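These notes are about the structure you will find just below.
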Amino acid sequence: MTLRLHTIIASTRPGRVGPVVANWFHEIAQAHPGFDAHLVDLATFGLPVYDEPKHPVMRDYAHEHTRRWSASVAAADAYVFVTPEYNFGPTPALLNALNYVYSEWTYKPCAFVSYGGVSGGLRAVQVTKQIVTALKMMPIVEAVTVPMVGQLIKDGKFAANDLHRQSAANLLGELGKWAGALKPLRG
């Protein structure tokens, strides 16, 4: 069974390095035999601060941007959030995107590729894990953490080391197990 994986770029600000890190991870995900890997950029959805009049659990969306986001989220069996850390927490764009829909996330696993300064985005991941569990998602332990990311960007590419590559392989292996195990719950 091939599972659909969405690698979601969680930063939308100009000058971001998220796409560089996400492109590196996405290439690895595409080579994984258990996943049909897709790269999703939150910036392309243009989600305003949450503006739906009805609670997302109803799935009765008034706006086209929400319907497009809903379809994208619903299509995936698993997610990898590629995220920096903003003030010890997740990006406002990621929080907003998580809150836009509800049932579309339910009973699906997620993992994190985080980056930043000395902490590598770990604090943002810990906060985000609390939020995704409220959406009935399963955040897995395996992750890729990239401290001092600016030092690893060379000519517009992420210069991953062996630890990054091994962490990505471990993440994808575990994420595949969870995605397969949780799929029957969504039946």
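The values are calculated or read from the model by the stated rules, or taken from the named source; none is laboratory data. Because the structure is predicted, anything quoted here is derived from the model rather than measured. Every residue, glycine as well, gets a Cβ built from its backbone with ideal geometry; the counts of neighbours run over all protein chains shown.
Data table
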{"item": "Filter pass, L39 being of a type in the set (A, V, I, L, M), outside any helix (DSSP H, G or I) and either at positive phi or in contact with a helix residue (DSSP H, G or I) (Cβ under 9 Å, 6 or more places away or on another chain) (or both)", "result": "yes"}
{"item": "Qualifying residue in region 84-106 (condition: modelled with pLDDT of 95 or more, under 20 Å from A169 (Cβ atoms), in contact with a helix residue (DSSP H, G or I) (Cβ under 9 Å, 6 or more places away or on another chain) and buried (at least 22 other Cβ atoms within 10 Å of the Cβ))", "result": "no"}
{"item": "Every pair of residues 6+ apart whose Cβ atoms lie under 8 Å, when the first sits in region 1-25 and is under 23 Å from Q166 (Cβ atoms) and touching a residue at least 24 places away in the same chain (Cβ under 8 Å) while the second is of a type in the set (S, T, N, Q) and assigned to a helix (DSSP H, G or I)", "result": "H6/S72"}
{"item": "Residue in region 62-70 that is at positive phi and modelled with pLDDT of 95 or more present", "result": "no"}
{"item": "Residue within region 44-59 that is buried (at least 16 other Cβ atoms within 10 Å of the Cβ) and assigned to a helix (DSSP H, G or I) present", "result": "yes"}
{"item": "Hits in region 138-187 - residues which are part of a strand (DSSP E or B) and touching a residue at least 40 places away in the same chain (Cβ under 8 Å)", "result": "M138, V144, V146, I153, K157, F158"}
{"item": "Hits in region 90-104 (condition: touching a Phe, Trp or Tyr at 6+ places or on another chain (Cβ under 8 Å) and either outside any loop (DSSP other than H, G, I, E, B) or under 25 Å from V21 (Cα atoms) (or both))", "result": "P92, L94, N96, A97, L98, N99, Y100"}
{"item": "Test: residue in region 61-80 that is in contact with a Ser or Thr (Cβ under 7 Å, 6 or more places away or on another chain), outside any helix (DSSP H, G or I) and farther than 28 Å from G180 by Cα", "result": "yes"}
{"item": "Residues (more than 15 Å from H6 (Cβ to Cβ), assigned to a loop (DSSP other than H, G, I, E, B) and either touching a Lys or Arg at 6+ places or on another chain (Cβ under 8 Å) or among the small types (G, A, S) (or both)) located in region 108-135", "result": "G116, G117, S119, G120, G121"}
{"item": "One residue from R123, R186, R165 being surrounded by fewer than 19 Cβ atoms within 10 Å (Cβ to Cβ), at pLDDT below 95 and of a type in the set (K, R)", "result": "R186"}
{"item": "Residue match in region 106-114 (condition: over 30 Å from M58 (Cβ atoms) and under 16 Å from the mean Cα position of the chain (by Cα))", "result": "yes"}
